[in-house]
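*Asks:* This is the structure, below, for whatever I ask next.
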Amino acid sequence: LFPRGCTDVICCVFLLLAIVGYVAVGIIAWTHGDPRKVIYPTDSRGEFCGQKGTKNANKPYLFYFNIVKCASPLVLLEFQCPTPQICVEKCPDRYLTYLNAHRSQDFEYYKQFCVPGFQSNKGVAEVLRDGDCPAVLIPSKPLARRCFPAIHAHKGVLMVGNETTYEDGHGSRKNITELVEGAKKANGVLEARQLAMRIFEDYTVSWYWIVIGLVIAMVMSLLFIVLLRFLAGIMVWVMIIMVILVLGYGIFHCYMEYMRLRGEAGSDISLVDLGFQTDLRVYLHLRQTWMAFMIILSILEAVIILLLIFLRKRILIAIALIKEASRAVGYVMCSLLYPLVTFLLLCLCIAYWASTAVFLSTSNEAVYKIFDDGTCQFAGNTCNPETFAASNESRLCPGAHCQFAFYGGESGYHRALLGLQIFNAFMFFWLANFVLALGQVTLAGAFASYYWALHKPDDLPAFPLFSAFGRALRYHTGSLAFGALILAIVQIIRVILESPITSASLSSPLAAENRFAKFLMTCLKCCFWCLEKFIRFLNRNAYIMIAIYGTNFCTSARNAFFLLMRNIIRVAVLDKVTDFLFLLGKLLIVGSVGILAFFFFTHRIRIVQDTAPPLNYYWVPILTVIIGSYLIAHGFFSVYGMCVDTLFLCFCDPGEDLERNDGSQERPYFMSPELRDILLKGSAEEGKRAEVEE
């Protein structure tokens, strides 16, 4: 290739300094963070329930003294119920009041639900006043390691155990609906976590089959690519026909399900009336769901058929270009495995970012606040649980408690946590984009070596992929960092615009009246989305120019942009049509594996009907297989895509091959005769078409 030297050295230095700072942030987070705050529930003293090596190791469940108080608005403000909470070995399984249990044989059982170290040397009134024991025990069941009343419906009547009312421990009886309200508020913060736990359970019983599905997708992708190397024309047409057939079967299946549900009770409920349900299987019992699927697939089928009709001649030229790309891939076969390197590096970036984010989010200190029924003027103030009993607040508010509220802090480090989280996200985007850029430059350099080899394959380097990888790291780390930095800045701005904090500020009463602010925010989101897409497109072509000519990022981006603008017809005809064909290949692989996963996990394949695991949500492994299959197929096809783009830019640049050479024996073209015929034919046809239109 062309002579080169180090480019954008300043950006390389900035990247190294940023990585050093990122490592320092990780060390600080790991020093102060404590992931146990996410895993284990915390009692009123800020101690973890069920953690090994502590006094609560055999007490994995959190017990609420009076769960009715969880209906208080404080639950939403402080994410904590204004009632004492302790760690217990098991949830209560019987009705029992403190008055009845006192001086009876059930008292030893009752004492395990009192505060640790409780001594029965106080009177009943003093114990209940000081909050040493709950006034009443109610049959409960553990949910997300919390004890919630075992409420169930019998003939439309809510009951706990066999009762519709319960004694509150103070001499009066209350309705079960009050328990329901308290349990709902206490459970509100846990519903998402419970959904995550069920999804996790599905993964634990189906991961083996998910891996098999992904392996099938990998084998299909590899087989498709290998066949594309030798039978490009046939494979492209087979791919087109198979995509049409797969979509056609999807339309037929949706129609059959739609007709099967005719007349079934509840199948005519609309999606709007049903609302959001965590169990997505509910939607599959609605006719409207299958109608929506059928309409979407029909539109997709019609669009693909129309595109094939209008692009039939261009598809023939694109197939010839894919054949030439297949020859290049055939000489650099190890390029098909390079996406695995990119995948492993991205996994490292994701793992470091996720672990640092968890440790940063759990590096706060326990904050204790005063909780009361609402009569205490000091309610909500911070307090010290060790000195609260002797404090002035305790004396003025006898019924108040100093208990754990949440994790926070007022030190400089705690105030800087938000900034550190933003820096963590920014560095993740920067490093992830750098890894992707390194992969693109490496593949482009390898395929450019093929193009600029006069006698193919004799003039190719012994290891073109490794040579390109070494050149990228040795000379162009700074340029890759520069392009990744620009994209990371746009992405972090988009994250901030989409963040819950920004959305909450726009949902305030003042902002709700200002429609212009919401309109402006929507325009900003749209503009930055378009900007990110444009920068991705420009960066990709700039990296190809860097791999070919060794110029810096700005020069490469400028040259790539004007080169594409001068050849806009060729870009539209060849480059984008090949992208469309590759997309059909991805859809074929994803659709085939997805249909297989659907029939397997829904127990519709009789041969292996008993082998499929029981699941809470069968859409969890199906979606995982579909998304994973797409990523795998995209990884393999991205090699072909980069090969086509590299050959395309090498051909289009008039400063080298076309202008310096004329195809004679003295000055032969570097491009192969097949590639010259493909591209010159394509541009000639478009030129004639343009003249006719004029």
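The values are calculated or read from the model by the stated rules, or taken from the named source; none is laboratory data. As the structure is a computational prediction, the values presented were derived from the model and not from experiment. Every residue, glycine as well, gets a Cβ built from its backbone with ideal geometry; the counts of neighbours run over all protein chains shown. Side chains included, ligands, DNA and RNA excluded: accessible areas come from the protein's heavy atoms. Shrake-Rupley method; radii C 1.70, N 1.55, O 1.52, S 1.80 Å.
*Asks:* Within the range 321-374, track down each residue that is among the small types (Gly, Ala, Ser) and surrounded by 20 or more Cβ atoms within 10 Å (Cβ to Cβ).
*Replies:* Matches in the range 321-374: Ala325, Ser326, Ala328, Ser335, Ser363.
*Asks:* Further, regarding this structure: Take Leu584 and decide whether it is among the hydrophobic types (A, V, I, L, M, F, W, C), farther than 30 Å from Met235 by Cα and open to solvent by less than 40 Å² (accessible area, probe 1.4 Å).
*Replies:* No.
*Asks:* Determine, yes or no, whether Leu247 is in contact with an Asp or Glu (Cβ under 6 Å, 6 or more places away or on another chain), in the same structural domain as Lys586 (by the TED database) and of a type in the set (A, V, I, L, M, F, W, C).
*Replies:* When the stated conditions are applied, Leu247 passes them.
*Asks:* Residues Gly233, Gly213: which one is farther than 19 Å from Tyr618 by Cα and of a type outside the set (A, V, I, L, M, F, W, C)?
*Replies:* That would be Gly233, the only listed residue that is farther than 19 Å from Tyr618 by Cα and of a type outside the set (A, V, I, L, M, F, W, C).
*Asks:* Just give me the residues in the range 578-592 being under 23 Å from the mean Cα position of the chain (by Cα) and farther than 16 Å from His253 by Cα, in sequence order.
*Replies:* Leu583, Lys586, Leu587, Ile589, Val590, listed by residue number.
*Asks:* Just to verify a result, which residue in the range 588-646, among those that are among the aliphatic types (A, V, I, L, M) and in contact with a Pro (Cβ under 9 Å, 6 or more places away or on another chain), is modelled with the lowest pLDDT?
*Replies:* Among residues in the range 588-646 that are among the aliphatic types (A, V, I, L, M) and in contact with a Pro (Cβ under 9 Å, 6 or more places away or on another chain), the one modelled with the lowest pLDDT is Leu615.
*Asks:* Okay, next question. Take the residues of the range 562-574 that are closer than 18 Å to Tyr549 by Cβ and surrounded by 15 or more Cβ atoms within 10 Å (Cβ to Cβ): which is modelled with the lowest pLDDT?
*Replies:* By that ranking, first place goes to Asn567.
*Asks:* Same structure again: Which residue out of Ala425, Ala416, Ala453, Ala446 is among the small types (Gly, Ala, Ser) and buried (at least 20 other Cβ atoms within 10 Å of the Cβ)?
*Replies:* So the residue among Ala425, Ala416, Ala453, Ala446 that is among the small types (Gly, Ala, Ser) and buried (at least 20 other Cβ atoms within 10 Å of the Cβ) is Ala446.
*Asks:* Does Asn56 fit the bill of being outside any helix (DSSP H, G or I), open to solvent by less than 70 Å² (accessible area, probe 1.4 Å), at pLDDT below 85 and not assigned by the TED database to the domain that holds His476?
*Replies:* yes
*Asks:* Listed residues Thr31, Thr7, Thr83; which is modelled with pLDDT of 80 or more and either assigned to a loop (DSSP other than H, G, I, E, B) or in the same structural domain as Phe428 (by the TED database) (or both)?
*Replies:* Just one listed residue meets the conditions, Thr7.
*Asks:* Just for helices (runs of 4 or more DSSP H) wholly inside the range 97-212: which have at least 1 residues that are modelled with pLDDT of 80 or more?
*Replies:* Where helices (runs of 4 or more DSSP H) fall fully within the range 97-212 and carry at least 1 residues being modelled with pLDDT of 80 or more, they are 98-101, 107-111, 124-130.
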